Amino acid sequence: MKYYAANWKMNKGPKATRDFFSEFKLKYKPNDQKSLIFFPSAFSLEAAANALDGSQIQFGAQNCYSEVKGAFTGENSSDVVRELGGQWVLVGHSERRSLFSESDKMISKKIAHIQGLDLVPLLCIGETLEERQGMETSLILEMQMRRDLSQADKNKKIAIAYEPVWAIGTGKVATTTQVVEAHEHIRTVLGLLGFSKTTPILYGGSVKPENASELISLPHVDGFLIGGASLEVKSFLDIVNAD
Ligand code: PGA
């Protein structure tokens, strides 16, 4: 199974979401070997839920708080994602870590909470340019995994997205050697920590139709987390259809 996850970030309101799916559903030919997951902004989740009702295409939230409900002004609940029929929650994206000060401790709580509601966390990890230049990539990935997964339930599904911070939205994609090394390392650490051998490991960071076919063929690359190129039907479908 290959996973194609679309991270729309803070783009597309309900109307743009409906328009996207009207066109997408006409053009996409479902394939049993490919799982598609959309992460619209919270305000557009219901529009996505309605548009995807009855289809195999899945969706989820880009973030959630680690409580079901209560006095947490401005936060969003995973329970609402579940109520709308969503199955996934993105956790620990580098933009959440750097712009909104999300710590590994908060992330580990969120993961336990999400799994507790029988939703699937898609945990993002990745090194900064400085860390890569300092030869710290393996160490950083392992540290993030050990901390972020410390409260995770090993018997429930989880997925990892390897997203080098320097490759996100920059047009600078990691080289195939860098991707293979990082994914192999993540696979090893997942094994050491007792997670299933089939835990999907996605690559993210400037995935485009032009580089998708090479990247998807690499060992331990089980799919992609796609930002910019997921906003247009054509470019997203070109990535999904690149074999
Ligand atoms: P990008 O974003 O594809 O625009 O680099 C990826 C992400 O942030 O998940």
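The values are calculated or read from the model by the stated rules, or taken from the named source; none is laboratory data. Worth saying up front: this structure is predicted, and the values here are computed from it rather than measured. When we count neighbours, we look across all protein chains shown, and the Cβ atoms used for this are built from the backbone with ideal geometry, even at glycine. Just the protein is used for accessible areas: all its heavy atoms, side chains included, with ligands, DNA and RNA removed. Shrake-Rupley method; radii C 1.70, N 1.55, O 1.52, S 1.80 Å.
Brief remarks follow.
- Taking the criterion of being touching a strand residue (DSSP E or B) at 6+ places or on another chain (Cβ under 7 Å), surrounded by 11 or more Cβ atoms within 10 Å (Cβ to Cβ) and of a type outside the set (Lys, Arg), the residues of region 6-37 that qualify are 6, 7, 8, 35, 36, 37.
- Residue 95 meets each of the listed conditions (1) within 16 Å of the ligand (Cβ to nearest atom); (2) assigned to a helix (DSSP H, G or I); (3) buried (at least 22 other Cβ atoms within 10 Å of the Cβ) apart from (3).
- In region 204-227, the residues that are out of contact with any Ser or Thr (no Cβ under 8 Å at 6 or more places or on another chain) and open to solvent by 40 Å² or more (accessible area, probe 1.4 Å): 210, 213, 217, 219, 220
- Subset of region 98-112 [on the phi < 0 side of the Ramachandran plot and surrounded by fewer than 22 Cβ atoms within 10 Å (Cβ to Cβ)]: 98, 99, 100, 102, 103, 104, 105, 106, 108, 109, 112
- Pairing residues of region 7-25 that are of a type in the set (Ser, Thr, Tyr) with residues that are within 16 Å of the ligand (Cβ to nearest atom), at Cβ distances under 7 Å and at least 6 apart in sequence or on separate chains, gives 17/40.
- Exclusive hit being more than 27 Å from residue 179 (Cα to Cα), within 16 Å of the chain's Cα centre (by Cα) and among the small types (Gly, Ala, Ser), set 94, 78: 78
- Residue match in region 55-69 (condition: β-branched (Val, Ile, Thr) and closer than 25 Å to residue 1 by Cβ): yes
- Taken over region 113-142, residues that are farther than 18 Å from residue 84 by Cα, in contact with a Pro (Cβ under 9 Å, 6 or more places away or on another chain), assigned to a helix (DSSP H, G or I) and open to solvent by less than 40 Å² (accessible area, probe 1.4 Å) amount to 1.
- Region 159-203, residues that are away from the ligand (no atom under 16 Å from the Cβ), assigned to a loop (DSSP other than H, G, I, E, B), open to solvent by 50 Å² or more (accessible area, probe 1.4 Å) and hydroxyl-bearing (Ser, Thr, Tyr): 196, 198
- Output for region 43-72, where each listed residue is under 18 Å from residue 11 (Cβ atoms) and surrounded by fewer than 16 Cβ atoms within 10 Å (Cβ to Cβ): 43
- Selected residue (criterion: farthest from the ligand (Cβ to nearest atom)) from residues of region 214-233 that are assigned to a helix (DSSP H, G or I) and without any contact (Cβ under 8 Å) to a residue 60 or more places away in the chain: 214
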